1. Within segment 1-22, take every residue that is of a type in the set (K, R) and touching a strand residue (DSSP E or B) at 6+ places or on another chain (Cβ under 9 Å) and give me the one that is surrounded by the fewest Cβ atoms within 10 Å (Cβ to Cβ).
2. Which condition number in (1) closer than 25 Å to G198 by Cβ; (2) part of a helix (DSSP H, G or I); (3) out of contact with any strand residue (DSSP E or B) (no Cβ under 7 Å at 6 or more places or on another chain) is the one that S266 fails?
3. Any residue at all in segment 54-61 that is assigned by TED's automatic domain parsing to the domain that holds K130 and free of Cβ contacts under 8 Å to residues at least 40 places away in the same chain?
4. Go through (1) at pLDDT below 85; (2) small (G, A, S); (3) more than 25 Å from T268 (Cβ to Cβ) and name the single condition A326 misses.
5. So, restricting to helices (runs of 4 or more DSSP H) that lie completely within segment 362-425, which ones have at least 1 residues that are under 26 Å from G125 (Cβ atoms)?
6. Could you tell me which of the residues G16, G35 is under 37 Å from the mean Cα position of the chain (by Cα), part of a loop (DSSP other than H, G, I, E, B) and at pLDDT 90 or above?
7. Determine if segment 236-252 includes at least one residue that is under 21 Å from P213 (Cα atoms), of a type in the set (K, R), under 34 Å from the mean Cα position of the chain (by Cα) and buried (at least 21 other Cβ atoms within 10 Å of the Cβ).
8. Would you please list the contacts, defined by Cβ atoms under 6 Å and residues six or more apart or on different chains, that run from a residue in segment 121-136 that is in the same structural domain as G32 (by TED's automatic domain parsing) and crowded, with 16+ Cβ neighbours inside 10 Å to a residue that is among the β-branched types (V, I, T) and in a loop (DSSP other than H, G, I, E, B)?
Amino acid sequence: MFVDRAVITIRSGKGGAGSVSFRREPYVPDGGPDGGDGGKGGDVMFVADDSLRTLMDFRYKRRYAAQDGQDGTGRKRFGKNGEKLVIKVPPGTVVTDEASGLLIGDLVCAGDGVVAAKGGKGGRGNVNFKSSVRRAPNFAETGGFATERKILLELKLIADVGLIGFPNVGKSTLLSAATSAKPKIGNYPFTTTTPNLGVVELYDTSFVVADIPGLIEGAHTGAGLGTEFLKHIERTKVLIHVVDVSGAEGRDPARDLRLINAELESYTVNLLCKSQLIAANKIDLIGAESAEYLAFKRDAEALGFAVFPVSAVARQGVSDLMNAAAGALARAESASTHPGTGAETEADSPAYFDVSRPEDDPHYRDIEISVDGPVYVLAGLQLLKIFNSTNFNDMGSVRYLYKHIEKSGAADRLRALGLRDGDTIRIRDFEFIWYDE
């Protein structure tokens, strides 16, 4: 089964907690603190692996978590860093943050990788809090926060040339005539329900052709197989637009040509910037000199397209079409190698999602204040980390929490709101009485 879309949940490792420890050795009076730091939590990253072809594995496993960092121990021994979790995906996979819709990474080639969630930093052991006035700190720092987010994975096939057109116009037959691929062929619409790939061999060159399932009017809004397969056209450099010029299905080929191009433009204008060749298929049914074909050719050429009469069933004109596709592909690759040719678009610079740690957020140190009746409520990422590290049975640890609230400026803001000695402060679900030192 070809699976090209999946939503999974990833979680980086949280940082290990610092250790509260004191030297306990004979002949070493007042040994002092020696608690080691916690290890860093593991990152979660995606790597493109060319042994994979679909996103099938992600249908059965939806949650992935990296290893947490180990806690520090005594004698200044640091905790072990959590192992990085590497999730393998097929080349061509686009990794997106589902909540924001922003791009995290586009893994086009095998070996491409991107970190999607960074592990939390390790907490500092009590040896780091020793000072001239705090000789025996009985507290340490908890580890940094783990990061959890939902990830959208979308596979966009990597092919040089894409075959597009309405259903039942002969795209699969053309693919089988030009390559050794054996797609399903039938005389009914939507025979192809998943993209098929084939390799065209031409003298000293070759290229990959993708047979994209048939498009219909309204495809950009999801009609038919719609956007499910329009995305696979995005990576191609050249399009071969297959049109049934025989009218055997009762369709107007000139109208079909305009409708499909309108769908491409509605999906993303970049698709119309690609080189496009017109394969006037089933020419054996009406002849290359017929009035119907010549009228269609005039209409297509007026739109700026080169037209190639072909019969995929009889294998007529297929080699000429593929040679023209090879030439168009070479020009497209040259344009992408030499910027300034007009091939670039604004979509070449998408907005990227920021995967930095919570500790790297510029608002990490901010403290939010709200009032709940007689209680003053405090919230903030760094405040929460220090609060989680506080030993309320040790005055030095409580004083460290007070100092953080003072230095952040939150204490002055609280006093401006009416805070007095003896008033209640709440952090999360813990309440304590405030006294100015």
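1. In this case the residue turns out to be R5.
2. Evaluating S266 over (1) closer than 25 Å to G198 by Cβ; (2) part of a helix (DSSP H, G or I); (3) out of contact with any strand residue (DSSP E or B) (no Cβ under 7 Å at 6 or more places or on another chain) leaves (1) as the failure.
3. Yes: segment 54-61 contains one or more residues that are assigned by TED's automatic domain parsing to the domain that holds K130 and free of Cβ contacts under 8 Å to residues at least 40 places away in the same chain.
4. In the conditions (1) at pLDDT below 85; (2) small (G, A, S); (3) more than 25 Å from T268 (Cβ to Cβ), A326 misses (1) alone.
5. 381-389, 395-407
6. Just one listed residue meets the conditions, G16.
7. yes
8. G123/T142; N126/V20
The values are calculated or read from the model by the stated rules, or taken from the named source; none is laboratory data. These numbers were taken from a predicted model, which means no experiment stands behind them. Backbone-built Cβ (ideal geometry, glycine too); neighbour counts: all protein chains shown.
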